[in-house]
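**Q** Before I ask anything, here is the structure I am working with.
The values are calculated or read from the model by the stated rules, or taken from the named source; none is laboratory data. Small disclaimer: the values here were computed from a predicted structure and weren't measured. With ideal geometry, Cβ positions are generated from the backbone for all residues, glycine too; neighbour counts draw on all protein chains shown. Heavy atoms of the whole protein, side chains included, go into the accessibility calculation; ligands, DNA and RNA do not. Shrake-Rupley method; radii C 1.70, N 1.55, O 1.52, S 1.80 Å.
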Amino acid sequence: MKTWKWMQALALSLIVVMVVTACGNKSEESGEGAAVKISLLNSKGEIQAQLENAAKAFKEDYPNITLEIIPVPAGQSPFEKASALYASGNPATITMLDTGDVEKFKDRVLDLSGEKWMADAVDRSTALTTFDSKNYAFPLAIEGYGFIYNKAVLDQAVGGSFDPATVNTTSALEDLFKKIEASGKAPLIISPMDWSLGAHYLPLAYAGQSSDTAAVAKFVDDLKAGTVDLAGNAVFNGLIDTFDVMAKYNIDKASPLSGTYERGPEVLGKGEVGIWFQGNWAWPQISSFDTASGQYGFLPVPVSNNPADFGNTQISSAVSKRLVLDKEKNTAEQQAAGKTFLEWMVYSEKGQDFLVNQANIIPAFKNITLEAKDPLAKSISEHIAEGKTEDSMSTLPADHWAKIGASMQKYLAGAADRATLTKEIEAYWKTVK
């Protein structure tokens, strides 16, 4: 009798072991296991809420992984915040950097060359973050910028259906401004933040030098060497000529530095102005004020009065934000969880929905076929499909937007003339190594 009870106990124990083992295997297969907490440093403030929702959706699929989203404070660059976290010995598991910052951290982050999504990344999307044949960053978003227009306002101004192809010179742009003004609306708003003027507007003078990226790189090298005469450069002067026209028709021309980023999407969405110089990242804010039934698109920033000149029919676009994974302070389990999140964005239905539908991001992956509902992302995608883009300057020095942005702000406010602006830009580049 005792033997039989012993055999029953042994059998029960074996059943328990088998059940536990089976559950463990299932847990491993579903990505479950020991709880792990990871963090993501977010430098795209406009998608903070969307990222937090993505973290919740990710946890539904991977209950053992908790992802915290840490925002970069307004006015601080991602390079500065990431550097501060490393200095404190507490870097995020995943850090969102601007393209030009990746190389500065390459010795502290993981080589991602062997990741599955590398095979699905769009052409050239990892070229600028590859060093010694190793890619160190995940290409998060293709972004573009130029003049965002409210079609309802422009239709009224031109007395019909506005055709964006008609604006391909500085003169044509000014003619459009005049028509908008005559219709009783303000032509445009200039948002005077240093990052908008220094990281987006002025760099069009560099990228617009040539459709050949090697020639653009040579131009930047020549700026560093002090051998460029900006005062005699046609593209630079043409871009500033256009800026002068913008300043003339700016809704805030009486106090040009008083504007805020938040004011731009409001006045454009409400139809108080026809045009705003900004990028597709602004759509979530514009949409909250939309009075044009989602009819918005991009116009290039012209640099001359010859429609055939490069830049007059192109908008600026590039992979703008990259994700890197820390290898110094985060554990192997945290690093693995970080990689899982990257793969989740590219291959899961929820991850793709986050990128395209929630965050209005143009993905840098060929396998993602979701069509953007966002009209600005659609406009950029159309320009890309038509070959009407110029590469954004993704590798500018980290302090470029602050220093050159300040020079552009002085020029906008009338506190510096073009000669002074030119000298300050040339002087800045001579300090860049």
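**Q** Can you tell me which condition LEU239 does not meet? The list is (1) open to solvent by less than 10 Å² (accessible area, probe 1.4 Å); (2) touching a strand residue (DSSP E or B) at 6+ places or on another chain (Cβ under 9 Å), and all the others hold.
**A** So the condition that LEU239 fails would be (2).
**Q** Give me the residue from segment 325-336 that is of a type in the set (S, T, N, Q) and more than 8 Å from ILE38 (Cα to Cα) and, out of that set, surrounded by the most Cβ atoms within 10 Å (Cβ to Cβ).
**A** ASN330
**Q** Still on this structure, please answer the following. Considering only residues that are in a helix (DSSP H, G or I) and in contact with a Pro (Cβ under 8 Å, 6 or more places away or on another chain), which ones fall in segment 73-111?
**A** LYS81, ALA82, LEU85, GLY100, ASP101
**Q** With the requirement that a residue be over 19 Å from ALA199 (Cα atoms) and open to solvent by 60 Å² or more (accessible area, probe 1.4 Å), what does segment 384-413 give you?
**A** The answer is ILE384, ALA385, GLU386, LYS388.
**Q** Restricting the search to segment 223-233, which residues are under 27 Å from the mean Cα position of the chain (by Cα) and charged (D, E, K, R)?
**A** Matches in segment 223-233: LYS224 only.
Residues checked against (1) of a type outside the set (A, V, I, L, M); (2) open to solvent by less than 50 Å² (accessible area, probe 1.4 Å); (3) outside any helix (DSSP H, G or I):
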{"residue": "GLU181", "(1), (2), (3)": "yes, no, no"}
{"residue": "GLY184", "(1), (2), (3)": "yes, no, yes"}
{"residue": "PRO192", "(1), (2), (3)": "yes, yes, yes"}
{"residue": "SER211", "(1), (2), (3)": "yes, no, yes"}
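**Q** While we're on this one: If you check PRO139, PRO71, PRO91, which single one turns out to be open to solvent by 50 Å² or more (accessible area, probe 1.4 Å) and modelled with pLDDT of 95 or more?
**A** Being open to solvent by 50 Å² or more (accessible area, probe 1.4 Å) and modelled with pLDDT of 95 or more holds for just one of PRO139, PRO71, PRO91, which is PRO71.
**Q** Listed residues LYS373, LYS339, LYS350, LYS366; which is farther than 21 Å from ASN53 by Cα and either open to solvent by 40 Å² or more (accessible area, probe 1.4 Å) or modelled with pLDDT under 95 (or both)?
**A** LYS366
**Q** So, one more: Would you tally the residues in segment 100-123 being open to solvent by less than 70 Å² (accessible area, probe 1.4 Å) and within 19 Å of SER43 (Cα to Cα)?
**A** Matching residues across segment 100-123 total 6.
**Q** With respect to the numbered conditions (1) open to solvent by less than 10 Å² (accessible area, probe 1.4 Å); (2) in a loop (DSSP other than H, G, I, E, B), which one is the sole condition not fulfilled by TYR206?
**A** Going through (1) open to solvent by less than 10 Å² (accessible area, probe 1.4 Å); (2) in a loop (DSSP other than H, G, I, E, B) one by one, TYR206 breaks only (2).
Rundown of residues vs (1) more than 25 Å from the chain's Cα centre (by Cα); (2) among the acidic types (Asp, Glu), yes/no style:
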| position | (1), (2) |
| --- | --- |
| VAL235 | no, no |
| LEU239 | no, no |
| ALA247 | yes, no |
| ASP252 | yes, yes |
| GLU266 | no, yes |
| GLY269 | no, no |
| ALA292 | no, no |
| LEU299 | no, no |
| ASN305 | yes, no |
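**Q** From the residues in segment 105-124 that are touching a residue at least 60 places away in the same chain (Cβ under 8 Å) and among the basic types (Lys, Arg), which one is nearest to GLN334 (Cα to Cα)?
**A** Among those that are touching a residue at least 60 places away in the same chain (Cβ under 8 Å) and among the basic types (Lys, Arg), it is ARG108.
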